[in-house]
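For reference, the structure discussed in these notes is given below.
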Number of protein chains: 2
Amino acid sequence: MAADPLSRVFSALADPTRRDMVARLAASDATVNELAEPYDVTVQAVSKHLKVLEDAGLVSRTREAQRRPVHLEANVFDLMTKWIERYRRQAEERYRRLDDLLRTMPDELLPTRPTATAPETEPETEPEIGEPR
Amino acid sequence: MAADPLSRVFSALADPTRRDMVARLAASDATVNELAEPYDVTVQAVSKHLKVLEDAGLVSRTREAQRRPVHLEANVFDLMTKWIERYRRQAEERYRRLDDLLRTMPDELLPTRPTATAPETEPETEPEIGEPR
DNA sequence: ATTGTAATCAACCAATTGGTTGACAAGAGG
DNA sequence: CCTCTTGTCAACCAATTGGTTGATTACAAT
């Protein structure tokens, strides 16, 4: 159960049952049994799912008598949206630049894609990347 | 390799190597060998990673001579952001309502959390949830 | 003290995952 | 025609995952 935080969050939400639990927890806190009720799996399986969500920081459990109400920690969503928006924006910026280039270029100069990386469209800036492995 | 589209996208991004590839593809298209270069795994492993990204719709390959340049399809990000934003907003809305309630409630009426689901803070609307499984 | 309820722990199992090596297909260029 | 480059396919392997059953912990209530 190693892995960086971002991987844990993405991985936790890669399961439909877990996503459904998150969706329901967005409406209100719930106990493990309440959460387990709609699914046709054992309570133990749901408990395991909750452990995954908890390890990802998406959920917290505050013990209260013998019940352990589960609470959604929605702020962790920011981790993902930040990552996604960063590269989405970068890709869009890239399209915009390519569009500009094609629009201002005389038709007879349009290249027939000599290689995959057209030097003009890729200024080779930003040597740093997201996560170096 | 079944699973719904959303699960595939989340799952594809749950791997650091795959996320790094997406990050680099946001800057420019690249061939499989170019992509494989920074990582100390075989080209075959990278090819497998690309298959996962392709199945998730995050990436497309257009064959071009014997090279197959890989291209990022950034629009698929919307699938995730839509899902995330929906429940993030719902959770925030819930906090807002709870804050309002506590602020307008006379101090001596504050309950000692009799059960996890306080009826006043959870109007029981919206019986439909994300994905019923 | 006994019983019941809520939840977790432990061991096991089948399927999936991320990696490997080795063989192969498809072009490009001599 | 041969060879090199680029990439995939196939079979295998260890580790992880999502599920099960059975036992156990921790309270509450009778």
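A compact table of results
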item: Looking only at the range B:14-23, and only at residues there that are within 14 Å of DNA strand D (Cβ to nearest atom) and within 7 Å of chain A (Cβ to nearest Cβ), the one that is farthest from B:ARG68 (Cα to Cα); result: B:ALA14
item: Test result for A:ASN33, within 21 Å of B:ALA14 (Cβ to Cβ), of a type in the set (S, T, N, Q) and loosely packed, with under 14 Cβ neighbours inside 10 Å; result: no
item: 2 or more residues farther than 26 Å from B:MET21 by Cβ: qualifying helices (runs of 4 or more DSSP H) within the range A:1-97; result: A:16-27, A:32-36, A:43-55
item: Filtered residues of the range A:45-66 (kept if surrounded by fewer than 16 Cβ atoms within 10 Å (Cβ to Cβ), in contact (Cβ under 8 Å) with a residue 12 or more places away in the chain and within 16 Å of DNA strand D (Cβ to nearest atom)); result: A:SER47, A:GLY57
item: Conditions (1) open to solvent by less than 20 Å² (accessible area, probe 1.4 Å); (2) closer than 19 Å to B:ALA12 by Cβ; (3) without any contact (Cβ under 8 Å) to a residue 24 or more places away in the chain; number of the one not met by A:TYR39; result: (2)
item: Tally, over the range A:78-99, of residues that are under 30 Å from A:LEU35 (Cβ atoms), touching a residue at least 12 places away in the same chain (Cβ under 8 Å) and not aliphatic (A, V, I, L, M); result: 1
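The values are calculated or read from the model by the stated rules, or taken from the named source; none is laboratory data. Just so it is clear, the structure is predicted and the values come from calculations on it, not from any experiment. Don't worry about glycine lacking a Cβ; one is built from the backbone with ideal geometry, like all the others, and counts go over all protein chains shown. All accessible areas refer to the heavy atoms of the entire protein, side chains included, with ligands and DNA or RNA removed. Shrake-Rupley method; radii C 1.70, N 1.55, O 1.52, S 1.80 Å.
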